[in-house]
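Colleague: Have a look at this one.
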Ligand SMILES: Cc1cc2nc3c(=O)[nH]c(=O)nc-3n(C[C@H](O)[C@H](O)[C@H](O)COP(=O)(O)OP(=O)(O)OC[C@H]3O[C@@H](n4cnc5c(N)ncnc54)[C@H](O)[C@@H]3O)c2cc1C
């Protein structure tokens with residue numbers, strides 16, 4: 001099969017190529033999902049549109065109010081930015097879990113989201129920091145919260161010709177921090193049995209002002225867990241137990257070779273408690 005590889009230098013050129021070739025074209029960021037799917041014969045795009053030549057998709061801006069991460073920026077180079085790691089340790093924990101050093105040299109946050117895997121590590125971590133997806137397409141630009149961007153297994157809200165340009169995240173306020181934990185059957189290079197992203201903001205007296213939790217790999221897409229019961233009280237063992245029960249109840253896992261439904265529900269509760277504990281400890285350091 002004749003295949004062409006395009007390397008546009010602008011977003012407009014990339015959108016034009018995707019519009020022109022429709023289903024025959026695919027954006028390519030790191031290729032760490034796409035090339036594997038092509039080798040397995042699951043996808044046969046005639047036109048690959050390389051996004052890594054487009055400056056806006058490769059940028060990283062740490063602004064006064066928000067951080068803007070180019071969708072095709074490699075996760076390895078994100079991890080090298082100490083200021084970014086200090087701001088969002090949980091998000092960077094999730095990014096660091098993707099594959100290996102070699103994979104991270106190519107893999108992007110945008111690709112991790114656009115691939116739409118329910119087990120993708122950065123989905124829950126981006127959801128709890130309320131990241132917003134900036135999308136560009138033939139009809140201009142629009143934004144969507146990550147939780148609305150991910151619509152189901154292998155599916156996103158992207159329309160024909162649309163490209164995820166960047167992820168915008170507000171700087172955390174005082175006494176707020178994130179954390180991410182996942183459980184896999186081996187020590188590395190496997191996909192999540194459960195992933196848990198947590199975010200906590202504390203009042204000056206140490207009580208819980210806000211708590212957010214999102215689960216990965218236990219539903220068709222990232223699952224939010226309501227934690228209203230924690231607000232106003234201390235984040236102690238009792239509160240964490242309540243959060244763990246809420247996480248187990250919210251999980252909607254399937255049985256597969258990585259775990260049974262009951263097992264995944266239980267692990268959801270355990271990871272929820274632990275991730276919230278870490279986020280709360282970090283938040284307490286940020287007073
Ligand atoms: C050995 C190995 C281990 C892995 N381990 C993990 C892991 O532990 N956790 C995990 O979550 N993932 C893992 N992955 C999957 C993969 O590495 C990640 O999902 C990665 O973040 C994908 O990013 P990418 O830039 O390579 O995406 P690509 O493969 O380039 O793209 C993925 C999909 O998104 C589309 N796309 C990419 N960027 C955009 C954009 N900006 N706009 C619109 N569409 C776009 C592509 O067309 C394609 O359909 C692993 C993969 C391998 C090969």
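The values are calculated or read from the model by the stated rules, or taken from the named source; none is laboratory data. Every value quoted in this text rests on a predicted model; they were computed, and no experiment measured them. Ideal geometry is used to build each Cβ from the backbone, glycine not excepted, and the neighbour counts take in all protein chains shown.
Colleague: In the list 95, 72, which residue meets the criterion of being closer than 25 Å to residue 193 by Cβ and in contact (Cβ under 8 Å) with a residue 12 or more places away in the chain?
Modeller: Going through 95, 72 in turn, just one is closer than 25 Å to residue 193 by Cβ and in contact (Cβ under 8 Å) with a residue 12 or more places away in the chain: 95.
Colleague: Could I ask something else about it? Those residues that are outside any strand (DSSP E or B) and surrounded by fewer than 24 Cβ atoms within 10 Å (Cβ to Cβ), I need them from region 147-164; list them, please.
Modeller: 147, 148, 153, 154, 157, 158, 159, 160, 161, 162
Colleague: Hey, another quick one. It is to be established whether one or more residues within region 83-100 are part of a loop (DSSP other than H, G, I, E, B) and more than 11 Å from the ligand (Cβ to nearest atom).
Modeller: Yes; the residues of region 83-100 include at least one that is part of a loop (DSSP other than H, G, I, E, B) and more than 11 Å from the ligand (Cβ to nearest atom).
Colleague: Could you go through region 58-71 and let me know if any residue there is near the ligand (Cβ under 8 Å from one of its atoms) and within 23 Å of residue 136 (Cβ to Cβ).
Modeller: Checked region 58-71: at least one residue is near the ligand (Cβ under 8 Å from one of its atoms) and within 23 Å of residue 136 (Cβ to Cβ).
Colleague: Tally up the residues in region 165-216 that are closer than 30 Å to residue 134 by Cβ, part of a loop (DSSP other than H, G, I, E, B) and away from the ligand (no atom under 14 Å from the Cβ), please.
Modeller: Qualifying residue count, region 165-216: 5.
Colleague: Got at least one residue in region 39-50 being at pLDDT 95 or above and within 24 Å of residue 212 (Cα to Cα)?
Modeller: no
Colleague: Which numbered condition in (1) assigned to a loop (DSSP other than H, G, I, E, B); (2) over 16 Å from the mean Cα position of the chain (by Cα) is the only one that residue 141 fails?
Modeller: (1)
Colleague: Let me ask something else. Looking at residue 264 and the list (1) in contact with a helix residue (DSSP H, G or I) (Cβ under 8 Å, 6 or more places away or on another chain); (2) crowded, with 20+ Cβ neighbours inside 10 Å, which single condition is not satisfied?
Modeller: Failed condition: (1).
Colleague: Further question: Does residue 35 satisfy the criteria of being in a helix (DSSP H, G or I), within 15 Å of residue 163 (Cα to Cα) and either within 12 Å of the ligand (Cβ to nearest atom) or not assigned by TED's automatic domain parsing to the domain that holds residue 106 (or both)?
Modeller: In short, no.
Colleague: I would also like to ask the following. Given (1) free of Cβ contacts under 8 Å to residues at least 12 places away in the same chain; (2) more than 8 Å from the ligand (Cβ to nearest atom); (3) in a helix (DSSP H, G or I); (4) more than 17 Å from the chain's Cα centre (by Cα), identify the lone condition not met by residue 19.
Modeller: (1)
Colleague: Which ones in region 101-122 are near the ligand (Cβ under 6 Å from one of its atoms) and either in contact with a helix residue (DSSP H, G or I) (Cβ under 6 Å, 6 or more places away or on another chain) or without any contact (Cβ under 8 Å) to a residue 12 or more places away in the chain (or both)?
Modeller: Of everything in region 101-122, those that are near the ligand (Cβ under 6 Å from one of its atoms) and either in contact with a helix residue (DSSP H, G or I) (Cβ under 6 Å, 6 or more places away or on another chain) or without any contact (Cβ under 8 Å) to a residue 12 or more places away in the chain (or both) turn out to be 107, 112, 120, 121.
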